[in-house]
Amino acid sequence: QVQLVESGGGLVQAGGSLRLSCAASKIISRVNAMGWYRQAPGKQRELVAYIRTGGSKAVADSVKDRFSISRDNAPNTLSLQMNNLKPEDTAVYYCYIDLLIRYWGQGTQVTVSS
């Protein structure tokens, strides 16, 4: 039983920054991966970034050099730092944790105005 609580979304002007956080309800020592997806209306769901238990990371080409992902293991907290935001970044952002199955957060809205 794992619950994820997301925060940090909101409205920001183009070129601004936001930091999203995803906190797990329990301290989990064995996690395969944690990451972020996003989905805009009428758009396909997109994997934004993830981090493995061993520390390896990956960020989608569409946000490389602008977004970064980090993790604190105790408690399990996932963060997504978003810099130089663009209107096309507008979407609902969902965090996830992979154990034996995948657990999802409720999503947080990010809106970037021009």
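Express the accessible area of the chain per residue in Å², computed with a 1.4 Å probe while the remaining protein chains stay in the model.
For the chain, the per-residue accessible area is 56 Å².
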Which of the lysines could a cross-linker span from LYS64 if the Cα-Cα distance has to be under 26 Å and same-chain partners fewer than 8 positions apart are dropped? LYS43, LYS86
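May I ask you to compute the full-extension gain from SER114 to GLN3, defined as 0.36 nm times their residue separation minus their alpha-carbon distance, rounded to one decimal in nm? Could you put the intermediate results ahead of the total?
Numbers: separation 111, 0.36 × 111 = 39.96 nm, distance 3.43 nm.
So the extension gain works out to 36.5 nm.
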Just going by the charge dipole of the chain, with Lys and Arg at +1 and Asp and Glu at -1 on Cβ, which of SER114, ILE69, ALA14 is farthest out on the positive end? ILE69
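Using a 1.4 Å probe on the protein chains only, how many percent of the accessible area of region 1-83 belongs to carbon and sulfur?
Numbers: 2130 of 4790 Å².
Taking all protein chains in place, region 1-83 shows 44 percent carbon and sulfur surface.
Counting other Cβ atoms within 10 Å, which trypsin sites (Lys or Arg not before Pro) in region 45-95 have at most 16 and lie in a DSSP loop?
Here the trypsin sites (Lys or Arg not before Pro) that fit, given the DSSP loop and packing criteria, are ARG45, LYS64, ARG66.
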Could you please state, rounded to a whole Å, how far the C-alpha centre of region 1-28 is from the C-alpha centre of region 42-67? 15
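If contacts are Cα pairs under 8 angstrom and at least 6 residues apart, what is the relative contact order of the chain in percent? Mind showing how you got there, number by number?
On the way: 284 pairs, mean separation 42.0, N = 114.
Relative contact order, the chain: 37 percent.
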Label-point separation in nm, SER62 to ASP98, each point 7 Å along Cα→Cβ: 2.0
Size of charge dipole - the chain - debye, nearest 20, with Cβ of Lys, Arg +1 and Asp, Glu -1, no other charges: 200
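The values are calculated or read from the model by the stated rules, or taken from the named source; none is laboratory data. Everything numeric here is computed off the predicted structure, so don't read it as measured data. So basically every Cβ, Gly included, is an ideal-geometry build from the backbone, and we count neighbours across all protein chains shown. Each accessible area value is taken on the protein alone, full model and side chains, heavy atoms only, with ligands, DNA and RNA left out. Shrake-Rupley method; radii C 1.70, N 1.55, O 1.52, S 1.80 Å.
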